[in-house]
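Values in this text are rule-based calculations from the coordinates and carry no lab data. Here the structure is a predicted model, which means the values were calculated and not measured. Reconstructed Cβ throughout: ideal geometry from the backbone, glycine too, with neighbour counts over all protein chains shown.
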Amino acid sequence: MRRQQPTTSATAVPSAGVRTAVPTQRWSRRRSVLSVFAALAAIGFVAAYVGPTGSALVAANADEAAPVTLYASGLGDIQKLELASADAEPEAAALDRGGYSVYVTPKPTPTPTPTKAAKSASSGSGWAPPFVSPDPGSAQAIAYDMVHARGWGDDQFSCLVALWNKESGWRVNAYNRGSGAYGIPQALPGSKMGSAGADWETNPATQIAWGLGYIGGRYGTPCGAWGHSQSTGWY
């Protein structure tokens, strides 16, 4: 029989010129372990760098002021009016003008403009009767003296002439059958002139005296009575 040689795990010594086989399995495990450690080191380095940087960025973003719009900035300048409740006692309203003050320039006092006095002869008539000298001894001459005795001027006498020309034509016995008016001033009724004299039916001076008293008490002046007559048709 052939004697068997014992086997060993050792690799035979290579002869000169022959490359020894590399144990591939052991080298692969060592390489895997190194790769794991390298990956862990890279992760640790990234965490150490990114962590503080990210926290700083978050803090910077938190500290950054919110953008201010034109509307938001204008809210500070608006006027605020606070009103008391209905149950509370009335108080003066507090007005906040946001630090602004208002100055109102006072308006100058207007200088009063003198207005021309309206012509007494045109009181509502639109036309002033012209002055005509009365005939001496006539009823108009008597009336002229009485008008000036009351302090009235020629313009008032002109209004009186126009007024009684329209009413009676300056006739002492003028009588209105429709109304019962009588005399130069057309008193209604004619008996009213009795207060100026018992001869009221025939005396022009008595009728004129009563008529001027009536005009002065009712209209102020003959031109006032003339204007009323022009606008209404009677006085």
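Structure data summary
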quantity: Nitroxide proxy distance, nm - points 7 Å out along Cα→Cβ at Ser195 and Thr232; calculated: 1.8
quantity: Surrounding net charge for Ile215, when Lys and Arg each add one and Asp and Glu each subtract one, Cβ distance under 12 Å; calculated: +1
quantity: Phi-based couplings in Hz for region 223-233 (Karplus 6.51, -1.76, 1.60; Gly and Pro marked x); calculated: 5, x, 5, 5, x, 5, 5, 5, 8, 10, x
quantity: Net charge of neighbours whose Cβ lies under 13 Å from the Cβ of Gln186, counting Lys and Arg as +1 and Asp and Glu as -1; calculated: +3
quantity: Percent RCO, i.e. relative contact order, over region 120-232, from Cα pairs under 8 Å lying at least 6 residues apart; calculated: 31
quantity: Cβ charges +1 (Lys, Arg) and -1 (Asp, Glu), total dipole of region 120-232, debye; calculated: 340
quantity: Gain on full stretching of the segment that runs from Ala38 to Thr109 - 0.36 nm per residue minus C-alpha separation; calculated: 15.9 nm
